[in-house]
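*Asks:* Mind looking over this structure? Questions follow.
The values are calculated or read from the model by the stated rules, or taken from the named source; none is laboratory data. Given the structure is predicted, the values throughout are model-derived calculations rather than measurements. No Cβ is skipped: glycine too gets one built from the backbone with ideal geometry, and neighbour counts run over all protein chains shown. For accessibility, only protein heavy atoms count, side chains too; no ligands or nucleic acids. Shrake-Rupley method; radii C 1.70, N 1.55, O 1.52, S 1.80 Å.
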Amino acid sequence: QVQLVESGGGLVQAGGSLRLSCAASGSIFSINAFGWYRQAPGKQRDLVAGISSGGSTSYADSAKGRFTISRDNAKNTVSLQMNSLKPEDTAVYYCYVDVRTYTSWKNTRYWGQGTQVTVSS
């Protein structure tokens, strides 16, 4: 019903920047929230940033001041601008979208396929 396609991951040196993008498509009636999680090997998946339907944003403490989440409502796209990257940011980044579709009353979370971000020291 809903698909998320991520792009923008890669290898970058510490202190560098990357911009991740995630585009949602499918039978979307409304988007309630958009955001990003990340998961490093052997660790739990943690929330990095989120943006609500009202445009309010939230960030993990580790991301505050360095990462910025934004959305383009016309394109159903969310982006994560990551600056001053650190080796600790190395992880697979997954975008998510909380939506209501034309065929379901539920507010349902869909996930992107993940994109690898590797920050070298």
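*Asks:* With the requirement that a residue be open to solvent by less than 60 Å² (accessible area, probe 1.4 Å), under 22 Å from Ser120 (Cβ atoms) and among the charged types (D, E, K, R), what does region 53-103 give you?
*Replies:* Matches in region 53-103: Arg66, Asp89.
*Asks:* Looking at region 67-107, which of its residues are in contact (Cβ under 8 Å) with a residue 24 or more places away in the chain and of a type in the set (Ser, Thr, Tyr)?
*Replies:* If the condition is that a residue be in contact (Cβ under 8 Å) with a residue 24 or more places away in the chain and of a type in the set (Ser, Thr, Tyr), then Thr77, Ser79, Ser84, Thr90, Tyr93, Tyr94, Tyr96, Thr101, Tyr102, Thr103, Ser104 are the ones that fit.
Conditions tested, residue by residue: (1) among the basic types (Lys, Arg); (2) farther than 19 Å from Gly10 by Cα.
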{"site": "Ala74", "(1), (2)": "no, yes"}
{"site": "Val78", "(1), (2)": "no, no"}
{"site": "Gln81", "(1), (2)": "no, no"}
{"site": "Lys86", "(1), (2)": "yes, no"}
{"site": "Asp89", "(1), (2)": "no, no"}
{"site": "Val97", "(1), (2)": "no, yes"}
{"site": "Tyr102", "(1), (2)": "no, yes"}
{"site": "Val119", "(1), (2)": "no, no"}
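*Asks:* Can you tell me which residues in region 26-39 are among the small types (Gly, Ala, Ser) and under 15 Å from the mean Cα position of the chain (by Cα)?
*Replies:* Selection gives Ala33, Gly35.
*Asks:* Could you tell me whether Gln13 is in contact with a Ser or Thr (Cβ under 8 Å, 6 or more places away or on another chain), at pLDDT below 95 and open to solvent by 70 Å² or more (accessible area, probe 1.4 Å)? Give the derivation first.
*Replies:* Values: in contact with a Ser or Thr (Cβ under 8 Å, 6 or more places away or on another chain): yes; at pLDDT below 95: no; open to solvent by 70 Å² or more (accessible area, probe 1.4 Å): yes.
No.
*Asks:* Further question on the same structure: It is to be established whether one or more residues within region 23-46 are open to solvent by less than 50 Å² (accessible area, probe 1.4 Å), acidic (Asp, Glu) and either in a strand (DSSP E or B) or out of contact with any Gly (no Cβ under 6 Å at 6 or more places or on another chain) (or both).
*Replies:* Scanning region 23-46, I find no residue that is open to solvent by less than 50 Å² (accessible area, probe 1.4 Å), acidic (Asp, Glu) and either in a strand (DSSP E or B) or out of contact with any Gly (no Cβ under 6 Å at 6 or more places or on another chain) (or both), so the answer is no.
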